[in-house]
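Participant: I'd like to ask you about the structure that follows.
Bear in mind that the values in this text are calculations on the coordinates, not laboratory data. This is a predicted model, so every value here is computed, not measured. For neighbour counting, all protein chains shown are included, and Cβ atoms are generated from backbone atoms with ideal geometry for every residue, glycine included.
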């Protein structure tokens, strides 16, 4: 494992540079990092599924100032917008919902209200997702896919590790907001980066298995938690600093052996 730790640390330091985010090496953070608004940044994270170049291309078409506009203007401007699983109605609703929430609370506050229950990132996530559904009061497959469902719980009311998805886009958003370096934005306070969970996508899942960071075969929340625990052996206080490097290793098909 020392060899893997050394390799990963080298990848982290070589990739912690602004030029890692470019149109030649697309990542949704390229668009998100232009803004200081947590709601705009969350939109960039939630639409971050599919091919990275297509995500960036789509995000570039948004006029994010619509989050300050009237519902009528949102309806008019977003009428022809769609993205993979979301139709124009889904996209209009998410803009209207975020506009409404933005007027009342910061996402940081909503998240922290849940997180405070034992410094639990998942409780924080659940607070925000539940709030979005309450304010939106709207159901469709596309919308639910975009913002995710509240986390499933057991009979005692505890969030299940098995039976929940990895919540990759949400954990990526948290990485951007909580960590601060050449890539991550560090705009939130009151959350300890040691509590963050790896934003597990198919790239990092496969790379983690190849590197021996994970033996589990199921792509779920439990796997994300297990890899995070393993990465804490490399850096107890900042395990998620390895996320971007793991993701790029998978995306660029780099052979580390």
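Participant: Does the stretch 36-120 come out rounded, prolate or oblate by the C-alpha gyration tensor, with a ≥ b ≥ c the root eigenvalues, rounded set by a/c under 1.5 and, if not, prolate when a/b is larger than b/c and oblate if not?
Facilitator: Since a/c reaches 1.5 but b/c is at least a/b, the shape of the stretch 36-120 is classed as oblate.
Participant: Another question, then. For a label point 7 angstrom out from the Cα of residue 162 toward its Cβ, which stretches of the stretch 225-249 have the backbone nitrogen within less than 20 Å?
Facilitator: Under cut-off, by backbone N: 225-230.
Participant: Taking the Cβ-Cβ separation of residue 1 and residue 105 as r and a Förster radius of 35 Å, what is the calculated FRET efficiency to the nearest 0.05?
Facilitator: Taking R0 as 35 Å, the efficiency between residue 1 and residue 105 is 0.25.
Participant: List the relative contact order of the chain as a percent without decimals, with contacts defined as Cα pairs under 8 Å and 6+ residues apart.
Facilitator: For the chain, the relative contact order is 18 percent.
Participant: Can you give me the C-alpha center-to-center distance between the stretch 22-79 and the stretch 170-246, rounded to a whole angstrom?
Facilitator: 23
Participant: So for 7, 214, fewest C-beta neighbours within 10 Å to most, what's the order?
Facilitator: Ascending number of Cβ neighbours within 10 Å: 7, 214.
Participant: For every helix of n ≥ 4 consecutive DSSP H residues, a contribution of -39,500 (n - 2.57) applies; sum these over the chain, divide by its total residues, and give [θ] at 222 nm rounded to the nearest 500 deg cm²/dmol.
Facilitator: Result for the chain, helices only: -15000 deg cm²/dmol.
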